[in-house]
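To start, the structure under review is shown below, and the notes come after it.
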Amino acid sequence: MTAPGMSPAPAAPRHATIDALRGLAVMGIVLMNIADFALPSGAYFNPLAGGGGAPRDLAAWAVSFVLVDGKMRALFSILFGASTVIVIERAEAVGLSGARIHFARMATLALFGAAHLFLIWPGDILLHYALIGMLALPFVAIEPRQQLRLAILLLCAQFVVGSLFFASFLDLRHAAGLPGASATTLAAWHGFVDGIGIGRPQDVAAEIAVARGSWSAFVAHNLATQASGPPFLLAFDGFETLAFMLIGMAALRSGFLTGGWPRDKYRRAAAIGFAIGVPPTIALCWLSFSSGFDSLATFAAATLGGIPFRPILALAEASLALAWLSGGRHPRLEASGRVAFSNYLGTSLVLMLLFDGWGLGLFDRIERIALLPVVAAIWCAILVWSPWWLARWRYGPLEWTWRSLARGELQPMRRNDIATVSQ
């Protein structure tokens, strides 16, 4: 049964450059997320936590830190903001309620995110996007300059929030080092270290046992430990995520994301962005190295210190990509971006089966540098299956499921079926 105001309408043309950028972002996210799937939790921020102390492992971590870590998430958030505008405006252009469709999409996305979080991987970002996406709705209608000004204010607020978290962790370390520190204080400090650095051997062993154990035990562990994750992420990262989405809204309307700029302008924007963002990011990387990957120094470098530079580098990398993409069509990348939702969750399933105990059980058995061929194989699979699927079907399997649930009826799936409002 069709919900009122949710009836099918002719699809508008897609933005090929946005699809291709989304494909690149998804592949970049795989490069970063694989450490969380394959290695103890602290290894994402600290290469030594995953036993990766060899020069090649440290070099791989450093390159990722400077060019990928946080930048692909920022780019994905920027594209999410742009897509929000596209969906709402296309719905309203055919007489539908943009707000209603948007909230239905976000509510359904939240369900996918919760399932992903508790059943597959505690590093889920979809639930966070759904919640921030709901908050982003009032800002769709404001002018691009206002969106950018507000984004800057939100990034400043994020810096304040990050500073407060850093101060609290600094106090926690001091309290944990005092004679007679309580068990609660010690547990809180060790929990922080486990997530950002080299955890105690017993904590790492417990994490490995959960990852290599049964799926039911893994789910039970997530249900017991991850309920506080989404509220924490909202508090810790919400301002920055909303800022990125507003930047995406403004970037769409300026023609930046749709390939509307001259190629020389994209190249200049990339050069300026890299000149501003790379040197301080290298300095932050060096801070982690020079501190011996001290937990607090690593936390400050990876989170607090990068706040001003993540959006700059994300936009610089997008500019470089757009200078290339605007030179012609790239159908494999475009297809990868059109089914980005399926690719994101699909890669989680693949990585889960590779590294967790109900699959091949390779968790903490492969060094960091050896994960790169796995990433390359996943990239190839994405670039092959995405156009193959879309040559036969209108949407990716999970895009179709999302759309059908959000709109209250099964959507046309075959290539020759009637299209609906683009999602």
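The values are calculated or read from the model by the stated rules, or taken from the named source; none is laboratory data. Predicted model, so just to flag it, every value in this text is computed and none were measured. Note that we place each Cβ from the backbone using ideal geometry, even for glycine, and neighbour counts take in every protein chain shown. Accessible surface is based on the protein model in full, side chains and every heavy atom, while ligands, DNA and RNA are left aside. Shrake-Rupley method; radii C 1.70, N 1.55, O 1.52, S 1.80 Å.
Flag: R329 matches the condition of being of a type outside the set (A, V, I, L, M), out of contact with any Lys or Arg (no Cβ under 6 Å at 6 or more places or on another chain) and within 30 Å of G277 (Cβ to Cβ). Of P279, P311, all but one fail to be open to solvent by 50 Å² or more (accessible area, probe 1.4 Å) and either free of Cβ contacts under 8 Å to residues at least 60 places away in the same chain or under 14 Å from L67 (Cα atoms) (or both); the exception is P279.
Looking at the range 95-103, is at least one residue of a type outside the set (V, I, T), under 21 Å from the mean Cα position of the chain (by Cα) and part of a helix (DSSP H, G or I)? Yes: one or more hits. From the list L119, L135, the one residue that fits, being open to solvent by 50 Å² or more (accessible area, probe 1.4 Å), of a type outside the set (G, A, S) and farther than 15 Å from G81 by Cα, is L119. Contact annotation: residue pairs with Cβ atoms under 8 Å, 6 or more positions apart or on different chains, pairing a residue in the range 251-262 that is buried (at least 18 other Cβ atoms within 10 Å of the Cβ) with a partner that is in a loop (DSSP other than H, G, I, E, B) and among the small types (G, A, S), are G259/S326; W261/G255; W261/S326. Surrounded by fewer than 18 Cβ atoms within 10 Å (Cβ to Cβ) and in contact (Cβ under 8 Å) with a residue 24 or more places away in the chain, is that true of W388? In short, no. A residue that is in a loop (DSSP other than H, G, I, E, B) and open to solvent by 50 Å² or more (accessible area, probe 1.4 Å) occurs somewhere in the range 321-341. If the condition is being open to solvent by less than 50 Å² (accessible area, probe 1.4 Å) and either assigned to a helix (DSSP H, G or I) or free of Cβ contacts under 8 Å to residues at least 40 places away in the same chain (or both), then the range 366-382 contributes R368, I369, A370, L371, V374, V375, A376, I378, I382.
Could you identify the single residue in A59, A38, A49 that is touching a helix residue (DSSP H, G or I) at 6+ places or on another chain (Cβ under 6 Å), open to solvent by 10 Å² or more (accessible area, probe 1.4 Å) and small (G, A, S)?
The match here is A49.
Entry remark, the range 306-332: residues being within 17 Å of G23 (Cβ to Cβ) and not small (G, A, S) number 9 in total.
A3 meets all of the listed conditions (1) modelled with pLDDT under 85; (2) closer than 18 Å to L351 by Cβ; (3) open to solvent by 10 Å² or more (accessible area, probe 1.4 Å) but one, namely (2). Take the conditions (1) modelled with pLDDT of 95 or more; (2) within 24 Å of L39 (Cβ to Cβ); (3) basic (K, R); R368 misses just one of them, which is (1).
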